[in-house]
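The values are calculated or read from the model by the stated rules, or taken from the named source; none is laboratory data. Fair warning: this is a prediction, and the values are worked out from it, not measured in the lab. When we count neighbours, we look across all protein chains shown, and the Cβ atoms used for this are built from the backbone with ideal geometry, even at glycine.
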Amino acid sequence: MGGKVIVIVRVIVAGVFLVAGVMKIWDFEHARSATPDFTIAIQQYRMLPWPDLTVALAVYLPWLEVTAALALFVRRFALGAATAVLGMSAMFVVAIGSAWWRGLVLDCGCFGKGRAPTDLRLHLLAGAVLLAVAAALIVHEWRRARRD
Amino acid sequence: MIARLLRQLAFVLVLALAPALVSGAWQLAWKKEEPLAPGEVRLATAREWGDKVQWVDARSRAKYERTHLPGALLLNEDEWDTLVKPFIDEWDSDKTLVVYCDGGTCDASHAVAARIRKELSIPDVYVLKGGFAEWEGK
């Protein structure tokens, strides 16, 4: 991948994860924590059997998104950050795919609380693109790390 | 190389844990209370939403006519077919739906919320934790 292309890809991926993370941490519209809303969003997927795990995920995942997004720009941690992005993208694809398969109607909670049902097929496609881009980033970082 | 990848990944995971722990301790004071079931919301949270909330009364008509939450619309399972049309007409789609029943062990609110999500394709529906009893107790 060309140098400029990889920079653009990195900025886009980091931007998506940074915005998604921040909006799950803080609800700017109501000036309050967004954690309760994100907890409910996760619950609506009906995939986790333990409420405490749901809450823990609702607190941790947004910060992981923010940290991974920022770490993508730190050469020493870019490979790990890209791997974290790949993992979160895979989790997203599995969750959305499962919801679509089970015919659930829900708000994906991708960028905080939404107001309309999520188009699951569209989000599945977006997740697959993210997954592919994250994989490409890992390959790039892997090659760069071997050169270093 | 794999070791380097895992080391970096571990660093990112741990680095994210620090603000998450601080944020969790600060944000989740409400967690000390009884855990919320899927789709439930606490009265305090719904009150924070202010006039963006549309209360939905899932109790019987008799109970609704006796007393109900301010501006609540009646929509229960017994009269679903009759009530659903006026409900849709009156509901302002900018408002978040919060369904309640008596409180305690009643599950009419969960049933009505599930039907609203499935049959009316409205995902933004919550059930008031503690129901009407919670409102009266405040």
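Only one entry of B:LYS95, B:LYS85 meets the criterion of being surrounded by fewer than 17 Cβ atoms within 10 Å (Cβ to Cβ) and either outside the structural domain of B:ALA37 (by TED's automatic domain parsing) or without any contact (Cβ under 8 Å) to a residue 12 or more places away in the chain (or both), and that entry is B:LYS85. Anything in segment B:98-131 that is within 16 Å of B:LEU73 (Cβ to Cβ) and hydroxyl-bearing (Ser, Thr, Tyr)? List them, or say none. B:TYR100, B:SER109, B:TYR126, listed by residue number.
The listed residues are A:ARG146, A:ARG102, and the only one of them that is facing chain B (nearest Cβ under 9 Å), surrounded by fewer than 13 Cβ atoms within 10 Å (Cβ to Cβ) and among the charged types (D, E, K, R) turns out to be A:ARG146. Checked against (1) in contact with a helix residue (DSSP H, G or I) (Cβ under 9 Å, 6 or more places away or on another chain); (2) assigned to a loop (DSSP other than H, G, I, E, B); (3) surrounded by fewer than 14 Cβ atoms within 10 Å (Cβ to Cβ), A:GLY15 passes all but condition (2).
So if I check each of A:SER98, A:SER89, which one is part of a helix (DSSP H, G or I) and over 12 Å from the mean Cα position of the chain (by Cα)? Quick ask: steps written out before the conclusion?
On the way: A:SER89 fails: over 12 Å from the mean Cα position of the chain (by Cα).
Matching residue, one of A:SER98, A:SER89: A:SER98.
Is at least one residue of segment B:120-137 of a type outside the set (S, T, N, Q), in a loop (DSSP other than H, G, I, E, B), buried (at least 16 other Cβ atoms within 10 Å of the Cβ) and away from chain A (no Cβ under 14 Å)? Yes.
Among the residues of segment A:71-85, the ones that are more than 9 Å from chain B (Cβ to nearest Cβ) and surrounded by fewer than 21 Cβ atoms within 10 Å (Cβ to Cβ) come to 3 in all.
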